[in-house]
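Written below as structure tokens is the structure these notes are about.
The values are calculated or read from the model by the stated rules, or taken from the named source; none is laboratory data. Everything numeric in this text was worked out from a predicted model, so none of it was measured. FYI the Cβ positions are ideal-geometry reconstructions off the backbone, even for glycines, and counts take in every protein chain you see.
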Amino acid sequence: MTTQPPPRASRPALAPRRAVGSRRALASRPALLALVVLLAAGLFGTAPASASGPASAASAPARAAASDVVAQAPGPLVWADEFNGPAGTLPDPARWNQEVNGSGGGNNELQYYTGSTDNAALDGSGNLVITARQGNPRGYQCWYGTCQYTSARMTTAQSFTQAYGRFEARIKLPRGRGMWPAFWMLGNNLGQVGWPASGEIDIMENVGHEPGRVHGSLHGPGYSGGSAVTGSYTLPNGQAFADGFHTFAVDWTPTSITWLVDGVAYQTRTPADTRGNPWVFDHPFFLILNLAVGGNWPGPPDGGTAFPQSMVVDYVRVHAPGSSGGATGAVTGLNGVCLDVAAAQNANGTPIQVYGCNGTAAQVWTVAADGTLRALGKCMDVANNSTADGAPIHLWDCNGYLSQQWRFTAGRDLVNVAADKCLDIPSANTAPGTRLQIWTCTGAAHQKWSPPAG
């Protein structure tokens, strides 16, 4: 890719988007966890007997690294588009402005962005469909001559900006070499200071020749283009992001930005990561959705790329800043039951169960700043450091292991960081005393939990 800075935009709607190109990829959390398991079993001979009890240096399970995100409940929903309009209609113009140009976005992209429903329309089933098409029946002109492709790019520059909070979208990505879908943000001072001084937060970018990988990046003065601060997440087992919907998000605070895929945090960046350059993520940004075709980073489509290709967006939601620690109260689940420590005992190994809410100390949980959930002076823990479906949950001394790290997602899943699995009520049985477990996240009601309110 070219690392030359793009021309300054005359207005936010025409801001160029920069390819990242040479990237320092970060391993996805599943890959890191698999490595931990292999090291424990292969190099040391035996797996740890219990993550919750004392462990030797050889058998100790993974501890939380500095980049591991803490459990954080998003704040109130402040802006959203659920795309619930009639089929064939444009996205809500009160929320979205559709850019119209063939400038190439500063990256030598090949598409012409139109304002037509041919390229951006609701499907009548609660989705926005951004479609890239080959051909140019209307004779649109691009930077390189007659355009070969059309697509759409939408922004909230004229309708909504916000600093800090949870920014999230659920999207099914297109497939094929040369496709370049993105969900990202630019600073609202772009027209005054230009890019990259305004800042850019790439929540999700994908290039078609990497079907199972997405990238999250920061661009600012001194760390833009090929020098962006960046990381990536790869789906396990050869899956592709075009195979189904996935949720992409950032949690943005004054001092950090954390990227998530399907509720799993894969990188956190702070002012220490900008290599001595200014941290410019201290003012409102606006949202952008687009599907580019070609460009310096993905390259052009080839004979194996079928058209049309679509980026299908289920929703976009923005929450106010949440709490990254300190919220205390009841955690409630299916049918209003409460997360409860059996018999209000704080001995190591005491089961954690569901029980009717009664306001006792056994049901008072604190979302701690280190990512743990605490009650009666101890931590909610996955027994034996297990990552298997059905592993039971109990109370144990807080020890910093990943088996005690939890995260509330915007979808109300409560995810264990070590296992990347959800807190689950077995068989959806809410009878008092039903012991809880972890299980692969399915989106079922018996895996949904509301965090402490205060």
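See the values below:
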{"read-out": "Qualifying residue in segment 254-263 (condition: modelled with pLDDT under 95, of a type in the set (D, E, K, R) and part of a strand (DSSP E or B))", "value": "no"}
{"read-out": "Within segment 357-389, considering residues that are on the phi > 0 side of the Ramachandran plot and more than 24 Å from the chain's Cα centre (by Cα), the one surrounded by the most Cβ atoms within 10 Å (Cβ to Cβ)", "value": "ASN385"}
{"read-out": "Strands (runs of 3 or more DSSP E) contained entirely in segment 404-444, each with at least 1 residues that are in contact with a Pro (Cβ under 7 Å, 6 or more places away or on another chain)", "value": "406-408, 437-439"}
{"read-out": "Subset of segment 152-174 that is in contact with a Pro (Cβ under 7 Å, 6 or more places away or on another chain) and farther than 16 Å from ASN119 by Cα - its residue that is surrounded by the fewest Cβ atoms within 10 Å (Cβ to Cβ)", "value": "ALA163"}
{"read-out": "Filter result (crowded, with 21+ Cβ neighbours inside 10 Å and touching a Gly at 6+ places or on another chain (Cβ under 6 Å)) within segment 245-279", "value": "TRP259, GLN267"}
{"read-out": "Which numbered condition PHE183 misses (of (1) surrounded by fewer than 24 Cβ atoms within 10 Å (Cβ to Cβ); (2) within 24 Å of the chain's Cα centre (by Cα); (3) aromatic (Phe, Trp, Tyr))", "value": "(1)"}
{"read-out": "Cβ pairs under 9 Å, 6+ apart, first in segment 385-404 and under 16 Å from THR350 (Cβ atoms), second surrounded by fewer than 19 Cβ atoms within 10 Å (Cβ to Cβ) and of a type in the set (Lys, Arg)", "value": "PRO392/ARG435; ILE393/ARG435; HIS394/ARG435; CYS398/ARG374; ASN399/ARG63"}
{"read-out": "SER159 more than 28 Å from the chain's Cα centre (by Cα) and in a loop (DSSP other than H, G, I, E, B)", "value": "no"}
{"read-out": "Segment 178-196, residues that are free of Cβ contacts under 8 Å to residues at least 12 places away in the same chain and of a type in the set (S, T, N, Q)", "value": "GLN192"}
{"read-out": "Filter result for the condition that a residue is within 22 Å of ALA431 (Cβ to Cβ) and touching a helix residue (DSSP H, G or I) at 6+ places or on another chain (Cβ under 6 Å), over ALA418, ALA344", "value": "ALA344"}
{"read-out": "Flag for ARG175 being in a loop (DSSP other than H, G, I, E, B), of a type outside the set (A, V, I, L, M) and either touching a Lys or Arg at 6+ places or on another chain (Cβ under 7 Å) or closer than 23 Å to PRO300 by Cβ (or both)", "value": "yes"}
{"read-out": "Hits in segment 218-263 (condition: among the aliphatic types (A, V, I, L, M), under 18 Å from TRP184 (Cα atoms) and under 18 Å from the mean Cα position of the chain (by Cα))", "value": "LEU218, VAL229, ALA249, VAL250, ILE257, LEU260, VAL261"}
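So that you can scan it fast, the table gives a plain yes or no per residue for (1) touching a helix residue (DSSP H, G or I) at 6+ places or on another chain (Cβ under 7 Å); (2) outside any strand (DSSP E or B):
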residue	(1), (2)
ALA292	no, no
THR305	no, yes
VAL313	no, no
GLY349	no, yes
CYS357	yes, yes
ASP389	no, yes
